[in-house]
1. Of the residues Ile23, Ile10, Ile86, Ile6, which is more than 18 Å from Lys124 (Cα to Cα) and free of Cβ contacts under 8 Å to residues at least 40 places away in the same chain?
2. If we scan region 142-154, do we find a residue that is part of a helix (DSSP H, G or I), under 21 Å from the mean Cα position of the chain (by Cα) and closer than 24 Å to Asp44 by Cα?
3. Of everything in region 106-132, what is surrounded by fewer than 16 Cβ atoms within 10 Å (Cβ to Cβ) and of a type in the set (Val, Ile, Thr)? Give them in sequence order.
Amino acid sequence: MKARDIPNVITAFRFLLVPPVVILLLQERFTAALVVFGVAGFSDALDGFLAKRFDWRSRLGGIMDPLADKLLLVSSFVTLGWLGLIPAWLVLLVILRDLVIVAGATFYHMRIEQFEAEPSIASKLNTAAQILLVLAVMFSFGIQALPAILIDVLSYSVLATILWSGFDYVWTWGRRAWMRRGL
């Protein structure tokens with residue numbers, strides 16, 4: 001193993017943290033789930049820092065990192081939705097948005113040209129809102145109950161950023177496809 005592989009190893013480790021988070025949530029051990037989720041978040045920051053700081057970026061890392069993030073977030077949303085702690089409609093919208101983006105990216109890659117992921121500001125805000133909601137729910141049930149209005153505000157923030165980022169991706173990449181191929 002070379003030093004430049006360290007970010008990818010850290011990302012692989014993050015994949016391994018998904019099952020413990022899900023199991024801990026299903027066991028309603030929210031504090032422990034919050035700690036493991038936090039470790040995953042720290043590992044995400046660390047691998048990103050190392051990749052950028054030492055120019056240890058790779059195509060594999062560029063694919064694995066967002067995939068690990070999505071797997072952790074979607075798994076957390078589905079589990080918290082299953083437990084009735086996040087509204088089912090919001091879980092479905094989170095999944096639907098991701099499916100639309102993946103289907104669009106696949107179509108673009110197969111029919112237009114190689115797809116290079118470019119997270120938009122709207123997408124980054126959506127990810128941040130999703131993370132904050134998951135953290136708030138885990139914190140509320142594991143450490144200290146938070147006001148219901150805070151959870152509601154975070155839920156509707158996720159909804160707003162889902163709609164914004166979903167439409168943004170469809171508009172941006174649809175327009176780009178139109179310009180490239182005249183679809």
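1. On the way: Ile10 fails: free of Cβ contacts under 8 Å to residues at least 40 places away in the same chain; Ile86 fails: free of Cβ contacts under 8 Å to residues at least 40 places away in the same chain; Ile6 fails: free of Cβ contacts under 8 Å to residues at least 40 places away in the same chain.
After ruling out the rest, the residue left standing is Ile23.
2. Checking region 142-154: at least one residue is part of a helix (DSSP H, G or I), under 21 Å from the mean Cα position of the chain (by Cα) and closer than 24 Å to Asp44 by Cα.
3. Thr106, Ile121 - these are the residues of region 106-132 that are surrounded by fewer than 16 Cβ atoms within 10 Å (Cβ to Cβ) and of a type in the set (Val, Ile, Thr).
Just so you know, all these numbers are worked out from the coordinates, no wet-lab data involved. As the structure is a computational prediction, the values presented were derived from the model and not from experiment. Don't worry about glycine lacking a Cβ; one is built from the backbone with ideal geometry, like all the others, and counts go over all protein chains shown.
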